[in-house]
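Below: the structure, in structure tokens.
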Amino acid sequence: MSEEKIIDLKDEDELRQGRRDFLKHVCTSSAAALVLTTTPSEAVDSASNPDADATVAEYFQGHFLLMSEEEKLKAIARLEKRYSAKYMKKTTVANTPAPDGVLFGYALDIGKCIGCRRCVHACVKENNQSRNDPEVQWIQVMKMPKGNIAFTADQLDKGYPEKSEFGDYGVQVGGNAYKTAGLSTEDAQNYYNDELVPDKDFFYMPVQCQQCEKPPCVKACPVRATFRDHAGVVLIDYNWCIGCRMCQLACPYHARRFNWGEPNLPAEEMNPKTHYFGNRPRMRGVMEKCTFCAQRTREGRNPACQEACPVGARKFGNLLDPNSDVRQVLATKRVFRFKEEAGTYPKFFYYIG
Amino acid sequence: MDFQYKSPTFVSIVLCAILVAGMSAFNSAHSAEVKPAETQNAQPVTDCFESRIGYSSVTRVENANPKYGYPNVKCSQSTGAVLWWADPFEGTIPMGDMPEISDDTRGDFANAVVKPRQPQLMYFNMGPNGCESCHEGKTVRYPKDTKPRLIGMHQDIVENSLKLMHGRGALWCLNCHSANHRNNLIDRQGNLLSFNQPQKLCGGCHGDIYIDWRAGIHGKRIGSWATGSKKRWWVCTECHNPHTVQVARFNRLKPEPPPPLPRGMKNADYERAGEAKH
């Protein structure tokens, strides 16, 4: 129940009355309608499929945060049963609440990152993404020319409004008027396929969900399927998501991925330790993204990408704890945030170690 | 408006019909069988390495975790690098005593564990007594001093012992390897150190890095994220080879495969158009 505190009572009423009451009202005569419309073939189908009752129940499932404890347990039991049958192994769907007094943060050393993409593939192994057709990856590693980053004062101060022959209208001319100051993603390569990394004269910058304090995706979601939990992580209720992809448009970091097809996850590669908001297998037509490995971090373990990094460029921890790795980095290194000008206040920091 | 008031039952029935049709479609989508993927044909890689090839090797054990049926590690198909640990503390031992330096770098060593380095060292495991199986004073006599001289052995570690380039010639083998106790390292004060604790030796000279490492900034730690809880630390020699720091300072690695190209795209050459500028 601790997660519910982020949605106040007013919102709760709004959400409840929005969809559930509509459905309730519509189906007051559901029994008659079912008899009228169920064709023989459908009747056979639902009889042969043991999951049929669960599917009906899931169809009327509410927003997970607004469910009672009993409803949550039922929903989780349904999912565990389905996943265990589908992937032929015992699957657990956890509902561990986010820890109190914690604000999750991440720091990544772009001076150390060598662009080996081990984080990308560790993430795929942990989080049950679709493996091929479509191949979904939550982390994108950008290979960028070394000139693309400049945080020196003379670089940043370039391009203040200058007086032109037309007068001083505050129009930026010269300097950085046609070039981004700070970090520029110009000429970034996402599909580089080098024999060996790191390549000379390039640096690498992995980008994943930045877990913004002011997440534009949450503002854009029309059904509040995506929300920010009290540990600061932006999560998605996959069952509540309607697949409108507004959040994908709103995100300035290209961090969200859409399941255009039925995810193709081989049973033996499936990770059976899952979390409701984390890595449980998704269905077609829902959005997914980095959750800081909710199934791991809520139980105290580091995210999979942090553990896979061979150069130790990734640091994860509690931003409220001054002794955590992340706070040590923030205190002693030169830190910046990606697309700071977007006003999203990411909790994902890049630093030059 | 009139229509709705006249026949609410009819509207309800039509909507429910749509709903039922949708549910059966939803149902069939969920009960569809898992399609065999291309990756299913490939056998999982069993001989894996952590961080770099040859520095620390791990063998994949199937069903190492009976609760979930996990293997102990999951490795990359293309490179063999360990990408995923079922248990981050598998095969670890306590780090051992660490000196307290100051408040800034007192380090979070209470529950620190490391993977022992000794089982990974080739020559250390050749005899029953480690390096002292040969270097016991008789088979190979103890050297009189630590002056550099040409060595006819261990050329796979250092090709020419007169050109050992750690510290650009300032240091030689016996400045770090104890002459009379070959199973140990020796620091500049003459203390014997285990091969499992190279950080105490390296930190003697590389103080700035050592301080960052103690604070959790340099190097890698896996396990729990919370301060004071159990973490597996990576020690210096799990990533750095002290014998080849000048000649092979940062050997490059083979990367993992790139993401799939968007549908309809043949190659990513457009990305490389900007390379000429730089």
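Please list, in chain and number order, the residues 5+ apart from residue B:253 or on another chain whose amide H is under 5 Å from its amide H, with Hs placed from the backbone.
A:197
Long-range amide H contacts for residue A:207: which residues qualify at under 5 Å (H placed 1.01 Å from N, peptide plane, sequence gap of 5 or more or a different chain)?
Under 5 Å from the amide H of residue A:207 lie the amide H atoms of A:140, A:141, A:142, each far enough along the sequence or on another chain.
Would you mind working out the magnitude of the charge dipole of region A:265-353 relative to its Cα centre, with +1 at each Lys and Arg C-beta and -1 at each Asp and Glu C-beta, to the nearest 20 Debye?
Magnitude of the dipole: close to 140 debye.
According to the square roots a ≥ b ≥ c of the eigenvalues of the Cα gyration tensor, what is the shape class of region A:205-353, taking rounded for a/c under 1.5, prolate for a/b larger than b/c otherwise, and oblate for the remainder?
Verdict is oblate for region A:205-353.
Checking the table A:90/B:230; A:112/B:200; A:333/B:220; A:289/A:339 against a 26 Å threshold on Cα-Cα, which pairs fail?
A:90/B:230
Looking only at region A:180-208, which residues have a backbone nitrogen under 17 Å from a spot 7 Å from the Cα of residue B:249 in the C-beta direction?
From region A:180-208, the list is A:197-203.
In the full protein assembly as shown, how much of residue A:81 is accessible to a 1.4 Å probe, in Å² to the nearest 10?
The value for residue A:81 is about 130 Å².
Return the residues of region B:56-84 for which accessible area with all protein chains present is lower than in the chain on its own by 50 Å² or more; set the probe to 1.4 Å and exclude ligands, DNA and RNA.
With the partner chains in place, region B:56-84 has these residues losing at least 50 Å²: B:68, B:70, B:74, B:83, B:84.
Quote the Stokes-Einstein diffusion coefficient, in whole µm² s⁻¹, for region B:43-85, based on the Kirkwood radius over alpha carbon pairs, a temperature of 4 °C and a viscosity of 1.567 mPa s.
So the translational diffusion coefficient is about 125 µm²/s.
Taking the Cα centre as origin and putting +1 on Lys and Arg beta-carbons and -1 on Asp and Glu beta-carbons, what dipole magnitude results for region B:147-215, to the nearest 20 debye?
Charge dipole, region B:147-215, about its Cα centre: 240 debye, nearest 20.
Does anything in region A:111-132 have its amide N under 18 Å from the 7 Å Cα→Cβ label point of residue A:332, and if so which residues?
A:111-113
Using the alpha-carbon centroid of each, what span in Å lies between region A:47-120 and region B:176-246?
What the calculation gives is 39 Å, centre to centre.
The values are calculated or read from the model by the stated rules, or taken from the named source; none is laboratory data. Quick caveat: nothing in here was measured; it's all calculated off a predicted structure. Glycine also receives a Cβ, built like all others from the backbone with ideal geometry; neighbour counts cover every protein chain displayed. Ligands, DNA and RNA are stripped out before the accessible areas are found, and what is left, the full protein with its side chains, is counted by its heavy atoms. Shrake-Rupley method; radii C 1.70, N 1.55, O 1.52, S 1.80 Å.
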